[in-house]
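Quick notes on the structure that follows.
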Amino acid sequence: MPARLACHCSRHELPFSTRRLLAICNLLLQRCGVADHSFDLLLTGDREIAELNGRYRNKAQPTNVLSFPLTDDEGDEMLAALPVKELGDIVISVETARREALLYGQPLRQRFTWLLVHGLLHLLGYDHERSSEEEARMEARERELLTTLNQQRNAAMTKLAINVDHVATIRQARGIAEPDPIAAAAICEMAGAAGIVVHLREDRRHIQDRDVRLLRQTIKTKLNLEMGANKEIIDIALEIRPDLITLVPEKREELTTEGGLDVVSQEKKIAKVIEKMAKRSIPVSLFLDPDPRQLAVARKIGATFVELHTGRYCDAIGEDKQQAEFALIAAAADEADGLGLRVCAGHGLSYHNTAPIAAIEAIEELSIGHAIISRAVFSGLDKAVRDMLAIIRQADLSF
Ligand code: PXP
């Protein structure tokens, strides 16, 4: 039975998306042998938890976690009659968790997960204050559960897909065969990229049909074909069958993709492309601004992924503006994840601004091109990819 979540703090302060958090709660219930039970998890700040702490424990000060077991030995007949077995409530102050994470030099996710596990074990009757044996028993159980969660987490690290369009841009500037984006893709994969992205534009300004065909045959990871919803390019995609297509708005006069796709005004047209691709088992990602209206339509017309446009965040000048753009992306990622969409992000990401985006729990893949190819000019492509991967990995581990 699913756990229930109430969040009285800002969503983007949470170390996990709400969907992931519920998945963690449910996994914990399963691992504790009480998958048919449920509990309520309330996420608050210090003021609210201090009030609860004062009311129920006579300690009117903030604390990290409170557990309120709900047992039927208090003679509550209603409780015994409930169809779902209720364990009670866990309250966590995200503010205190954040402070403690800093104090102990731990990532917030790690601190928060420990508090959750600790609170749940209290609901299940463990109590470290009862005796030293009980304390050791509870700690051992905590370690076991945290190891299980860590194993799952390692499998869900944010991936990096690399856009090699700009290698083709240099080639096209000379009109000869070098540098070859096919070779670039192979180097990116060897350095640890999880996918290769190319944008086959109508005007063929960089990537050519030959590149897409060869990449389809040579790359070992995932080929993501970025494209406008244009008949000629749709036919090529249906024939070549990339692992994923990403639909973007495409204007001939733009230097790069400038804004997200407006699926609200083009719902029917985009739905038709998704339908065509589905017939050939090609999943579709929609490149969207972080706008809940766009996400709702993406979900309605059957997109598998959304790629959130990070351009405005990357271009924002000043910390406040950047923070505001970041909050939109974090909220949209959570929203999309909650709708059951898989979430990627990209555009304008660099070695200086990628870490916070990589730390957003719901985002599973980043699509980065210009920054990596630019740095490769000076440091070599292999190193440029590995340096970006190190930033992503560090962000994943340290939030
Ligand atoms: N995602 C999409 C949909 C794009 O159009 C682009 C640019 O080609 C990128 C990601 C990569 O952007 P950048 O080259 O700025 O990293």
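Give, as residue ranges, the strands (runs of 3 or more DSSP E) completely inside segment 1-69 that count at least 2 residues that are among the charged types (D, E, K, R).
So the answer is none; nothing clears 2.
Taking GLY228 as the residue in question, decide whether it is under 26 Å from ASP382 (Cα atoms), not assigned by TED's automatic domain parsing to the domain that holds LEU115 and not hydroxyl-bearing (Ser, Thr, Tyr).
no
Do the conditions hold for GLU254, that is, is it in a loop (DSSP other than H, G, I, E, B), open to solvent by 30 Å² or more (accessible area, probe 1.4 Å) and of a type outside the set (A, V, I, L, M)?
no
Which of the numbered conditions does SER131 fail, given that it passes all the others? Conditions: (1) over 30 Å from GLY88 (Cα atoms); (2) surrounded by fewer than 21 Cβ atoms within 10 Å (Cβ to Cβ).
SER131 satisfies every listed condition except (1).
From the list LEU349, LEU286, exactly one residue is closer than 14 Å to ILE245 by Cα and crowded, with 23+ Cβ neighbours inside 10 Å. Which is it?
Going through LEU349, LEU286 in turn, just one is closer than 14 Å to ILE245 by Cα and crowded, with 23+ Cβ neighbours inside 10 Å: LEU286.
Please determine, by comparing only the residues of segment 257-272 that are free of Cβ contacts under 8 Å to residues at least 60 places away in the same chain and within 15 Å of the ligand (Cβ to nearest atom), which one is most open to solvent (accessible area, probe 1.4 Å). It would help to see each step written out before you state the result.
Restricting attention to segment 257-272, the residues satisfying the condition of being free of Cβ contacts under 8 Å to residues at least 60 places away in the same chain are 258-272.
With the extra rule that they be within 15 Å of the ligand (Cβ to nearest atom), the set shrinks to 258-263, 270.
Values: GLU258: 111, GLY259: 26, GLY260: 17, LEU261: 11, ASP262: 63, VAL263: 0, ILE270: 1 Å².
Selected residue: GLU258.
Taking the options SER367, SER374, name whichever one is open to solvent by less than 50 Å² (accessible area, probe 1.4 Å) and part of a helix (DSSP H, G or I).
SER374
Which of the residues that make up segment 348-364 are part of a strand (DSSP E or B) and either among the β-branched types (Val, Ile, Thr) or modelled with pLDDT of 95 or more (or both)?
Scanning segment 348-364 gives a single hit, ILE363.
Being charged (D, E, K, R) and crowded, with 18+ Cβ neighbours inside 10 Å narrows it down to one residue among ASP396, ASP382; which is it? Steps first, please.
Numbers: ASP382 fails: crowded, with 18+ Cβ neighbours inside 10 Å.
Going through ASP396, ASP382 in turn, just one is charged (D, E, K, R) and crowded, with 18+ Cβ neighbours inside 10 Å: ASP396.
Condition check: closer than 25 Å to VAL212 by Cβ and assigned to a loop (DSSP other than H, G, I, E, B). Does ALA271 satisfy that?
For ALA271, the condition - closer than 25 Å to VAL212 by Cβ and assigned to a loop (DSSP other than H, G, I, E, B) - is not met.
Within the set of pairs 6 or more residues apart or between chains, which connect a residue that is over 15 Å from GLU365 (Cβ atoms) inside segment 214-228 to a residue that is at pLDDT below 95 with Cβ atoms less than 6 Å apart?
GLY228/GLU250
Being closer than 30 Å to ASN150 by Cβ, touching an Asp or Glu at 6+ places or on another chain (Cβ under 9 Å) and either within 16 Å of the ligand (Cβ to nearest atom) or among the charged types (D, E, K, R) (or both): is that true of CYS314 here? Lay out the reasoning, then the answer.
Details: closer than 30 Å to ASN150 by Cβ: no; touching an Asp or Glu at 6+ places or on another chain (Cβ under 9 Å): yes; either within 16 Å of the ligand (Cβ to nearest atom) or among the charged types (D, E, K, R) (or both): yes.
No: the conditions fail for CYS314.
Counting only residues that are in contact (Cβ under 8 Å) with a residue 12 or more places away in the chain and more than 16 Å from the ligand (Cβ to nearest atom), which one in segment 197-213 is nearest to the chain's Cα centre (by Cα)?
Among those residues, the one meeting the criterion is ARG213.
Identify, by number, the condition in (1) over 23 Å from ALA324 (Cα atoms); (2) in a strand (DSSP E or B); (3) of a type outside the set (Ser, Thr, Tyr) that ALA298 doesn't meet.
Against the list (1) over 23 Å from ALA324 (Cα atoms); (2) in a strand (DSSP E or B); (3) of a type outside the set (Ser, Thr, Tyr), ALA298 comes up short only on (2).
Check LEU145, LEU149 and return the single one that is open to solvent by less than 10 Å² (accessible area, probe 1.4 Å), in the same structural domain as GLY119 (by TED's automatic domain parsing) and either modelled with pLDDT of 95 or more or away from the ligand (no atom under 16 Å from the Cβ) (or both).
Selected residue: LEU145, the only one of LEU145, LEU149 that is open to solvent by less than 10 Å² (accessible area, probe 1.4 Å), in the same structural domain as GLY119 (by TED's automatic domain parsing) and either modelled with pLDDT of 95 or more or away from the ligand (no atom under 16 Å from the Cβ) (or both).
Tell me which residues, restricted to segment 346-381, are under 26 Å from LEU21 (Cβ atoms), β-branched (Val, Ile, Thr) and out of contact with any Phe, Trp or Tyr (no Cβ under 8 Å at 6 or more places or on another chain).
Selection gives THR354, ILE360, ILE363.
Within segment 206-251, can you find the residues that are of a type outside the set (Val, Ile, Thr), closer than 17 Å to ALA186 by Cα and open to solvent by less than 40 Å² (accessible area, probe 1.4 Å)?
ASP211, LEU215, LEU223, ASN224, LEU225, PRO242
Scan segment 286-315 and report the pairs whose first residue is farther than 14 Å from ALA271 by Cα and whose second residue is away from the ligand (no atom under 16 Å from the Cβ), with Cβ atoms within less than 6 Å and a gap of 6+ or a chain change.
PRO290/LEU328; PRO292/GLU335; ARG293/VAL264; TYR313/PHE326
Those residues that are closer than 25 Å to ILE363 by Cβ and open to solvent by 30 Å² or more (accessible area, probe 1.4 Å), I need them from segment 6-65; list them, please.
ALA6, CYS7, HIS8, SER10, ARG11, HIS12, GLU13, ARG19, ARG20, LEU22, ALA23, ASN26
Inspect segment 366-377 for any residue being in contact (Cβ under 8 Å) with a residue 60 or more places away in the chain and basic (Lys, Arg) and give the result as yes or no.
Within segment 366-377 (the criterion being in contact (Cβ under 8 Å) with a residue 60 or more places away in the chain and basic (Lys, Arg)), the answer is no, since none of the residues qualifies.
Could you check how many residues of segment 144-184 are among the acidic types (Asp, Glu) and either closer than 21 Å to LEU223 by Cβ or in contact with a Ser or Thr (Cβ under 8 Å, 6 or more places away or on another chain) (or both)? It would help to see each step written out before you state the result.
Restricting attention to segment 144-184, the residues satisfying the condition of being among the acidic types (Asp, Glu) are 144, 165, 178, 180.
Add one more test, that the residue is either closer than 21 Å to LEU223 by Cβ or in contact with a Ser or Thr (Cβ under 8 Å, 6 or more places away or on another chain) (or both), and what stays is 165, 180.
Total meeting the criteria: 2.
The values are calculated or read from the model by the stated rules, or taken from the named source; none is laboratory data. It should be emphasised that the depicted structure is a prediction, and the values quoted were computed from it without experimental measurement. Cβ coordinates were reconstructed from backbone atoms using ideal geometry, including for glycine residues, and neighbour counts include every protein chain displayed. In case anyone asks, the SASA skips ligands and DNA or RNA and just uses the protein heavy atoms, side chains included. Shrake-Rupley method; radii C 1.70, N 1.55, O 1.52, S 1.80 Å.
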